[in-house]
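What follows is a set of notes on a single structure, which appears directly below.
The values are calculated or read from the model by the stated rules, or taken from the named source; none is laboratory data. Note that the structure is a prediction, hence the values are computed from the model and not measured. Cβ placement follows ideal geometry from the backbone for every residue including glycine, while neighbour counts extend to all protein chains displayed.
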Amino acid sequence: MDIFSRTKLLIGEDSVKKLNNSKVAIFGLGGVGSYVTEGLVRAGLGNFVLIDSDTVSETNLNRQIIATQNTIGKDKVEVEKERILSINPDAKVETYKVFFSSETEDFLDDTVNYIVDCVDTVSAKLEIIVRAKNKGIPVISCMGTGNKLDPTLFEIDDIYNTSICPLAKVMRKELKARGIDSLKVLYSKEEVINILDNVENKNDIEYKASNRPVPGSISFVPSVAGLIIAGEIIKDLIDKKSVI
């Protein structure tokens, strides 16, 4: 018996070996990205590239699996690496504490089998996707999970088949302008909740640099999104039936 003996019963020993030899790059280790990583390591993925510039903060405790009282203030990439190795000591983990942008060094090589975009900014998402497409590496991108309350409304589809999600609308326009005609995404058909309706004192709302309110979040929405993405990646890597 080993840590993946139950997994072998479900997908077979050859698929477990394939996962062990595969490498996935995860951009963004927040509410979604941390659960993508969790789903991948527990399924037997053997090689990780982790990219995130942030440290764990108190406001991460409500939704990020790497966030605990003991990890507040620590680099997310290092906390995530430690968690991966605590589950599978044989895993190989590369970490990059960097805010990804068009100026970022190209550190992904042809050993990467899959790329996951779980970052927040449109410019960074576009850069990740463009680089992935140029390299011919499969990529999946997470659309908006903030201000949502119903995890059963998540779907995986091509970006050009999406609706309702405001982020997906922006991404469709930007990708079309760049000549990218397809992209696998996870998105929600749930209408965005107006968080201003739930705040008595508007001065308590935190704002981003863009002057937009920081989105509301809850434990069971980004986590479900991350695990759905992890499942899709695993099915693609082992050539099982995926959504698209």
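Among the residues examined, Thr145 does not qualify as of a type in the set (Ser, Thr, Tyr), out of contact with any helix residue (DSSP H, G or I) (no Cβ under 7 Å at 6 or more places or on another chain) and assigned to a loop (DSSP other than H, G, I, E, B). Flag set for Ile140, criterion: part of a strand (DSSP E or B), within 25 Å of Ser219 (Cβ to Cβ) and touching a residue at least 60 places away in the same chain (Cβ under 8 Å).
One line per residue, one yes/no per condition, for (1) surrounded by 14 or more Cβ atoms within 10 Å (Cβ to Cβ); (2) touching a residue at least 12 places away in the same chain (Cβ under 8 Å); (3) β-branched (Val, Ile, Thr); (4) part of a loop (DSSP other than H, G, I, E, B):
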| residue | (1), (2), (3), (4) |
| --- | --- |
| Tyr35 | yes, yes, no, no |
| Glu38 | yes, yes, no, no |
| Leu45 | yes, yes, no, yes |
| Arg63 | yes, yes, no, yes |
| Gln69 | no, no, no, yes |
| Ile84 | yes, yes, yes, no |
| Pro89 | no, no, no, yes |
| Val119 | yes, yes, yes, yes |
| Leu126 | yes, yes, no, no |
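Please specify each residue of the range 1-50 satisfying the condition of being touching a strand residue (DSSP E or B) at 6+ places or on another chain (Cβ under 9 Å) and either among the β-branched types (Val, Ile, Thr) or at pLDDT below 95 (or both). Result: Val24, Ile26, Val32, Val36, Thr37, Val41, Val49. Considered as a group, the residues in the range 1-33 that are part of a loop (DSSP other than H, G, I, E, B) and within 10 Å of the chain's Cα centre (by Cα) include one that is surrounded by the fewest Cβ atoms within 10 Å (Cβ to Cβ), and that residue is Gly30.
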